[in-house]
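Okay, structure first, notes after.
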Amino acid sequence: MKKKIVATLMAAAMMATTLVSTAFAEGTIAVPEGVDPSEYHLAICIHSMDNEYWAQEAAGAQLAAAAYGVESEILTCDSDDNKQLQGIKDFIAQYGDKALFVVDPSSTANTVNIAEVCEDAGVYVTILAHRAEGLYPADYPHFVASLMLDDMAIGKATATALFESIGGEGQVVELQGLLGDDSATNRHAAFEAALADYPDIEVVDSQTASWSQSDAMTLAENWIVNYPDLKGVFSANDTMALGAVEALKNAGKNGEIKVSGCDGIEAALNSVKDGDMVITNANDGYCIAGYGAAYSIQAALGMLDVEAMDAADRMIFCKTTLVDAENADDIIAKFIETGDPGYDYSDLSACFSAYQEAE
């Protein structure tokens, strides 16, 4: 099923690229007179295509590139810092000052290296999802913007929805992500922040399942036995939530014990639709990577004066969507079935949710 989902996203990306290229020929996004966007080459740098969310990022960036008439290429690194940096350097060597980048970094630590390599080459880059402490776009004329997901806001919203679904009281457990991972740390902190508003919620256990569905399933199986009054499972991502759902189904308790997730993968969206999960959050790779690509493209084509931008406008959190039973069908249609959410990648403000805070 996983391979089928990724293959569907890849096929949708190719089809969407063709469709948007046709739209561009009709003048969907105007570029400055005398600029030939087809001379520019966007590198879409992601971990791999063997992941539903990363494939969605690739599709979003391809859609944006096609809308502007810019050539694009997907570079994968298998979460290897050195491989990602070498791929960026090779791309610059090939295309020179006509190269531009949208990068989902292999690690937070690598964001500094990415910014510096692109700055030294004088090519534009937008960095997604991660930003090292003390790294600011305003310090780099060619680091256009940092586009991130607000894990604190997302985690608190999903935790709150879970708590509300059980009446604001009772026993819950927490499935944490990989220790040391930024998102795992932030979503755990968000869970604890939500707890402060619900004094009648009792956390009877909190364990890391390291983003693993099988590990989460094993933990949930034990919790079902050890805590017969358990009412809810907070999960830092959808994969672990689905492991908990599987355990609950085997015990005949799916829907009875509420489960929250985060990320918006297809299986979780369907689980919400079916009532096995109460909430998830669609992180929307089409948004963060599509608009991330648009930031770099507009800078390279002379449509955006990066150095004239306010520093805050270069550090934003992107929009995401909470998904419950009421809107699950709409989100499945928008993000999964069509392969093109219909975003206007000419309007950079359309992805804005909030400003990041400087340390």
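The values are calculated or read from the model by the stated rules, or taken from the named source; none is laboratory data. Model, not experiment: these values are computed from the prediction. Neighbour counts run over all protein chains shown; Cβ positions are idealised from the backbone, glycine included.
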*Hand me the list of helices (runs of 4 or more DSSP H) wholly inside segment 218-301 holding 2 or more residues that are within 21 Å of Q171 (Cβ to Cβ).*
238-250
*Return yes when L63 is buried (at least 24 other Cβ atoms within 10 Å of the Cβ) and over 15 Å from A129 (Cβ atoms) and no when it is not.*
yes
_Total residues in segment 321-339, condition in contact with a Leu (Cβ under 6 Å, 6 or more places away or on another chain) and assigned to a loop (DSSP other than H, G, I, E, B)_ = 0
*Only one of (1) of a type in the set (A, V, I, L, M, F, W, C); (2) out of contact with any strand residue (DSSP E or B) (no Cβ under 9 Å at 6 or more places or on another chain); (3) assigned to a strand (DSSP E or B) is not met by A354, so which one is it?*
(2)
_Filter result (modelled with pLDDT of 95 or more, within 27 Å of V70 (Cα to Cα) and not hydroxyl-bearing (S, T, Y)) within segment 313-343_ = D313, R314, M315, I316, F317, C318, K319
*Residue satisfying condition, being assigned by TED's automatic domain parsing to the domain that holds S346, in a strand (DSSP E or B), surrounded by 14 or more Cβ atoms within 10 Å (Cβ to Cβ) and modelled with pLDDT of 95 or more, within set C45, C118*: C45
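From the residues in segment 340-351 that are among the hydroxyl-bearing types (S, T, Y) and in a loop (DSSP other than H, G, I, E, B), which one is surrounded by the fewest Cβ atoms within 10 Å (Cβ to Cβ)? Talk me through it step by step, then tell me what you get.
First pass over segment 340-351, keeping only residues among the hydroxyl-bearing types (S, T, Y): 343, 345-346, 349.
Narrowing further to those that are in a loop (DSSP other than H, G, I, E, B): 343, 345-346.
On the way: Y343: 19, Y345: 27, S346: 17.
The qualifying residue surrounded by the fewest Cβ atoms within 10 Å (Cβ to Cβ) is S346.
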_Could you list, ordered by first residue, the pairs with Cβ atoms under 7 Å in which the first is in segment 328-339 and closer than 11 Å to Y286 by Cα and the second is surrounded by 20 or more Cβ atoms within 10 Å (Cβ to Cβ) and at pLDDT below 90, at least 6 apart or interchain?_
G339/L9; G339/A12; G339/A13; G339/A16
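Condition check ((1) acidic (D, E); (2) farther than 30 Å from L248 by Cα) across all residues:
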site	(1), (2)
I279	no, no
Y291	no, yes
D330	yes, no
P341	no, yes
C351	no, yes
A354	no, yes
*Under 6 Å by Cβ, and 6 or more places apart or on different chains, what pairs join a residue from segment 57-82 that is part of a loop (DSSP other than H, G, I, E, B) with one that is modelled with pLDDT of 95 or more and of a type in the set (A, V, I, L, M)?*
V70/L42; V70/I297
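Check A55, A99 and return the single one that is of a type in the set (G, A, S), modelled with pLDDT of 95 or more, outside the structural domain of A267 (by TED's automatic domain parsing) and crowded, with 17+ Cβ neighbours inside 10 Å.
The unique qualifying residue is A99.
Yes/no matrix, rows are residues, columns are (1) part of a loop (DSSP other than H, G, I, E, B); (2) among the acidic types (D, E); (3) in the same structural domain as A58 (by TED's automatic domain parsing); (4) in contact (Cβ under 8 Å) with a residue 12 or more places away in the chain:
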| residue | (1), (2), (3), (4) |
| --- | --- |
| I114 | no, no, yes, yes |
| L135 | yes, no, yes, yes |
| P141 | yes, no, yes, yes |
| V144 | no, no, yes, yes |
| F163 | no, no, no, yes |
| E174 | no, yes, no, yes |
| A194 | no, no, no, yes |
| E202 | no, yes, no, yes |
*Check V233, V278, V306 and return the single one that is in contact with a His (Cβ under 9 Å, 6 or more places away or on another chain) and touching a residue at least 60 places away in the same chain (Cβ under 8 Å).*
V306
